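Contents: one structure, followed by commentary.
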Amino acid sequence: MTGPIEPPLSGPAGPPLPDAREGGAAPATACLLPFTADELRAALHHPQRLLGIILAERARLVTSIRAEASLWHLVAVLLLCSIVGALPFGAVLDRGKTGHVALLFTGSVLICFPSLQVFSSYLGVRLSIAQNLALALLIPAAAALFCFGFFPIYWFLEATMPAERAVLSAKDIAIGLLTISLVLGLSHLNRCLFVDSALQEMRSSWLLLLGWQSLLLFITYRMAVVLGIL
Amino acid sequence: MIRATVVLALASASYGFSIGASHSWLYATRNLVKFPLLILTTAGVCALAYFVVARFLATRLSFVQVQRLVLDIFRDTAVLLASLSPVSLFLALTMVQPTRESLGEYPMFQGLNICWIALCGCLAVGQKARDLLREHRLDRPHRLAMLTAWLALSLFAGGQCAWYMRPFFGIGALKGDSPPFFLGTAPDFRGARSFYEAVWNLVQPPR
């Protein structure tokens, strides 16, 4: 393997980045700078960088949320990613309901978001609305990216599996893939919360997190029923 | 990458030919196209998912690098299998052919080939894991998680791909038949019409 390593998200003059192995590199977190507005804007022109911002560079993502640097830009990027990333899977699932997968993940999170904000404030977690929103939107954004990765697989399975009801139909597999995407989205949020000691406050109220994520799962299930996905 | 693809196609065609010969020359020649197509389709369908998984596991590998790594694994597997194709061809031509009454040595042939595919796949993945450590400084848990996820994705999509493109080799008692190039969603002897149904039927045989 002699291919070039992908250039840093911030360009040559950007902040220092960890080496190829970033996962589990919590000690390096302290020296990382948050994403700048320019970087986030550039990611919209180069969507492949969204994967880096949302999935790969956890430590910088958490630093951005903690430092509230360009936070509304980050929220916009997460929201956009949540919607656009889920569209291809939605289109393959049902062409007439292209937006339903985006609605399933993003809509459920937005419905549950006020409860996260109010309960966390009540329990003394000092995070702003933008910080909580960014954390909450990590779930649909990561889930949407996984859906984006899975959509060619689902398209292939749907094209090669019998259309009529069988022991296991393509729709069952779609539900399985959507579930996996959601679970990975939730796990991504939890990974982000555990990567940085500065989010200790949020982590310490684990009961709040557990309760809110359970609520989100329930609402997502209901949303799937309402949208006709289940 | 082009070179790896060409090597992969040639090596997998060679192995496909040898296993197809257990049934007939028709199957063997068809496998010259079908086996490379199986591997390349699986790699193509999973390409995006491989990349998203690599990103999720916090590697800084680019899309092209991920595809190159995956292609390397498939190529190595195909080359290892190709080295076994003379053995496989020999066994295919000399095994006790199944008849209407008995399966002959067909289960042995099938079992050996499954073992070889598993062995070659594991060897190729193990080798690539060492390369990832050396060239990309990925630590052990991330290497294992990424390669395991890639394997799971390949099995998930590749299983259905193989099912749709079947038959690759089959029971000799069916030699008189001339099945289509791909059987597609045609049911098997247990009634399964997809890979997942076939696995389900193995776990819980239909009454």
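The ranking of B:C120, A:C147, B:C115, A:C81 by Cβ neighbour count inside 10 Å, starting from the fewest, reads B:C115, B:C120, A:C81, A:C147. Loop-located trypsin sites (Lys or Arg not before Pro) in segment B:1-106 (DSSP state not H, G, I, E or B) with no more than 13 neighbouring Cβ atoms inside 10 Å: B:R100. Convex hull volume per residue, computed on the Cα atoms of the protein assembly as shown, equals 151 Å³.
Per residue of A:141-153, how many C-beta atoms from partner chains lie within 10 Å of its own C-beta, taken as a mean?
4
Shape descriptor for segment A:51-130: Rg over Rh equals 1.05 (Cα atoms; Rh from the Kirkwood inverse mean 1/r).
May I ask for the angle, rounded to the nearest 10°, between helix B:140-165 and the longest principal axis of chain B, with both axes built from Cα atoms and the value confined to 0 to 90°? It is inclined by approximately 30 degrees. Charges were assigned to the Cβ only: +1 to each Lys and Arg, -1 to each Asp and Glu. The resulting dipole of chain B about its Cα centre is roughly 500 debye.
Against the empirical curve 2.2 N^0.38 Å, the C-alpha radius of gyration of segment A:100-230 lands at a ratio of 1.18.
For segment B:1-58, the Cα-based Rg and Dmax, in that order, read 14.6, 48 Å.
Give the residue from B:V7, B:F109, B:A47 lying farthest towards the positive end of the charge dipole for chain B; charges sit on Cβ (+1 for Lys and Arg, -1 for Asp and Glu) and the dipole is referred to the Cα centre. Final value for the positive-end residue is B:A47.
Rg/Rh, computed from the Cα trace of segment B:29-70 with Rh as the Kirkwood radius, has the value 1.15. Selection among B:P36, B:V70, B:F182 by position relative to the dipole of chain B gives B:V70 as farthest towards the positive end (Cβ unit charges, Cα centre). For the protein assembly as shown, a simple Cβ point-charge model (Lys and Arg +1, Asp and Glu -1, everything else neutral) yields a dipole of about 120 debye relative to the Cα centre.
Starting from segment A:89-145, pick out the trypsin sites (Lys or Arg not before Pro) whose DSSP state is loop and whose Cβ has at most 14 other Cβ atoms within 10 Å.
In loop regions of segment A:89-145 (DSSP not H, G, I, E or B), the sparsely surrounded trypsin sites (Lys or Arg not before Pro) are A:R126.
Per residue of peptide A:55-61, the mean number of Cβ atoms on other chains within 10 Å of the residue Cβ is 3. Semi-axes of the equivalent ellipsoid of segment B:2-203 are 32, 18, 15 Å, computed as sqrt(5λ) over the eigenvalues of the C-alpha gyration tensor in descending order. Have a look at B:F156, B:L133, B:L26 and report the one farthest towards the positive end of the charge dipole of chain B, computed about the Cα centre with Cβ charges (Lys/Arg +1, Asp/Glu -1). Farthest towards the positive end: B:L133. Partner shielding of B:136-148 amounts to 2, given as the average count of beta-carbon atoms from other chains within 10 Å of each residue beta-carbon. Exposure proxy ranking for A:H188, B:H136, based on other Cβ atoms within 10 angstrom of each Cβ and starting from the fewest, stands as B:H136, A:H188.
Mean residue ellipticity, 222 nm, helices only, the protein assembly as shown: the sum of -39500 (n - 2.57) across DSSP H runs of n ≥ 4, divided by residue count and rounded to 500, is -22500 deg cm²/dmol.
Working note: Karplus 6.51/-1.76/1.60 with θ = phi - 60° gives segment A:32-47 the couplings 8, 9, x, 5, 8, 4, 5, 4, 5, 5, 4, 5, 6, 7, 10, x Hz, where Gly and Pro are set to x.
Throughout, read-outs are computed from the coordinates displayed, never taken from laboratory work. Note that this is a predicted model, so its numbers are computed, not measured. Quick reminder, even Gly has a Cβ in these numbers, built from the backbone with ideal geometry, and neighbours come from all protein chains shown.
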